[in-house]
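The values are calculated or read from the model by the stated rules, or taken from the named source; none is laboratory data. On a predicted model such as this, the values are computed, not experimentally measured, just so you know. Cβ placement follows ideal geometry from the backbone for every residue including glycine, while neighbour counts extend to all protein chains displayed. Heavy atoms of the whole protein, side chains included, go into the accessibility calculation; ligands, DNA and RNA do not. Shrake-Rupley method; radii C 1.70, N 1.55, O 1.52, S 1.80 Å.
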Amino acid sequence: MDRLSKERRSWNMSRIRAENTSPEKSVRSALHRAGLRFRLHSRKLKGRPDIVLPRFHTVIFVHGCFWHRHQGCRFAYTPKTRIAFWQKKFNENVSRDRRTCRDLRKCGWRVLVVWECKTKDPADLTMRITRIVSRSTICSHRRSKRP
């Protein structure tokens, strides 16, 4: 039994955003601090990645731990009611994520996933982003030297 009324639950669910979430803004801020320019929610790419770094041929998905089932994360719990519904929903989300990443990689994109729980510490996030960017820089230089 849900503790909230149907109207209140509907209101809560309507507030869950797909774009411009706080974790996404944190990642964008870290990228900006690292001096990178990027595009947002490109409709030209499968899965509409949250962030696209065209110069590095890299896309970033900022996944919520609950919706995308971050393994081992305390936020990836399953609600106690309507368990079959939630399991089906979560399985479909994870399957779609895998298909999207596979398809983007086949097209030559580097795919990165940043989990919501990893965006809480700005210093750690900036360090991770800088490390990712330095690897991407090496990859882009290698790619550009090929005939």
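Numerical summary
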quantity: Eligible lysines near Lys88 by straight Cα distance, threshold 22 Å, same-chain separation 8 or greater; calculated: Lys6, Lys80
quantity: Those trypsin sites (Lys or Arg not before Pro) in segment 34-131 that DSSP places in a loop and that have at most 10 other beta carbons within 10 Å; calculated: Arg37, Arg43, Lys44, Arg74, Lys80
quantity: Summed side-chain charge close to Cys117 - residues other than Cys117 whose Cβ falls under 14 Å, Lys, Arg +1, Asp, Glu -1; calculated: +1
quantity: Cα-based convex hull, segment 64-131, per residue volume (Å³, whole number); calculated: 85
quantity: Two-decimal ratio, segment 1-108, of alpha-carbon radius of gyration to 2.2 N^0.38 Å; calculated: 1.26
quantity: Glu92, Glu116, ranked by accessible area, largest first (probe 1.4 Å); calculated: Glu92, Glu116
quantity: Value in Å of the Kirkwood radius, where segment 39-96 supplies the Cα pairs that are averaged; calculated: 13.0
quantity: Antiparallel DSSP beta bridges within segment 49-114, as percent of all bridges there, nearest 5; calculated: 40
